[in-house]
Amino acid sequence: MNEFFIFNPATRKSRKIPSAPREFPLSFHMTETSLCGFGYDQVNDDYKVVKIAECYLQFRGIMAFIYSLKTDSWKRIQNVPSNTRFTGNWGMFGNGALHWLAIKNPANCIEIVVGFDLGLEQFREIPSPVIEGPSVSFITRSLVPDGSSLWMLDEYPDSHRDMWVMLNSSAGEIAWSKVLTKRSALAYLRSVRPVYVSMSDPGILFEVDSSGLVWYDLERKVLKNVRIRGPTDKFDSHAYTQSLIQLNKDSPPLKPSQAKPHKEHQKRRDDFLSKGFKLRL
């Protein structure tokens, strides 16, 4: 977590990010936690990396820095969340912000999502969907982005899973809508992790036991195995948007082809959510 490279799978080019400032603590101790995230700043047409440290040796609290690909420099972020404990390592990018699962007021265990707007370079707290039933302390939560939205998967001890999508109202308020609920074909799978959500063909790609992929059709509510070539054992799968963005230091980064959500993609998403799949909180 102390050295980073930005890699473009399409061009096979990479770029090493300069080391974070000296005051950023290295993650060598069990009492320290390092988090990071990478995303596109649509406001300033820039790519940014955020590093967050929770430390209880060198200092007590949270320290955060942000790196700009355009300026090739780091700067410290002010007004970081206080009395908050992050529970996820990698920030999920969606709707112009990076998101982490977190607990506000650890003594009361209030679960929230912490978002960091890459354009405004500001943190904000987002309430999480309310966990239903008595198994609050045993639930497992994970986040998955689709570029324009953020999704949350809740896994319960009895194998049923709920999945939510985060919506922004015209007034800027956050609401969660449930798109997957009760027992489904996913209940027969042990360990699943959402990788990608599709609106054009409504469904979710899940990684199963870090050794396989399945496609869950949200309309037909059926599972389909996905054949892949290459990995034969354990692996991690991630989704990315192909581009020809240059990573050379001598040339500024190009604007991605999908800087803004495509209108057709947004229309399909809205149509999908209007078909009775959502349960507004």
- Heavy-atom accessible area of I245 with all protein chains present, probe 1.4 Å, nearest 10 Å²? 20 Å²
- How would D72, D46 rank on accessible area, largest to smallest, probe 1.4 Å? D72, D46
- Task: Compare F93, F206 by solvent-accessible area with a 1.4 Å probe and give them largest first, with all protein chains kept in place.
- Result: F93, F206
- Which value, in Å² and to the nearest 10, is the accessible area of Y240 when all protein chains are kept and the probe is 1.4 Å? 120 Å²
- With a 1.4 Å probe and every protein chain left in place, tell me how much accessible area S82 has, in Å² to the nearest 10. 90 Å²
- Which of K16/K234; K16/K48; K178/K221; K48/K178 have a Cα-Cα distance over 19 Å? K16/K234; K48/K178
- Calculated from backbone phi, Karplus (6.51, -1.76, 1.60) coupling profile of region 93-103 in Hz, x at Gly/Pro: 8, x, 6, x, 9, 9, 10, 10, 6, 7, 10
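The values are calculated or read from the model by the stated rules, or taken from the named source; none is laboratory data. Predicted model, so just to flag it, every value in this text is computed and none were measured. Accessible surface areas use protein heavy atoms only, side chains included; no ligands, DNA or RNA. Shrake-Rupley method; radii C 1.70, N 1.55, O 1.52, S 1.80 Å.
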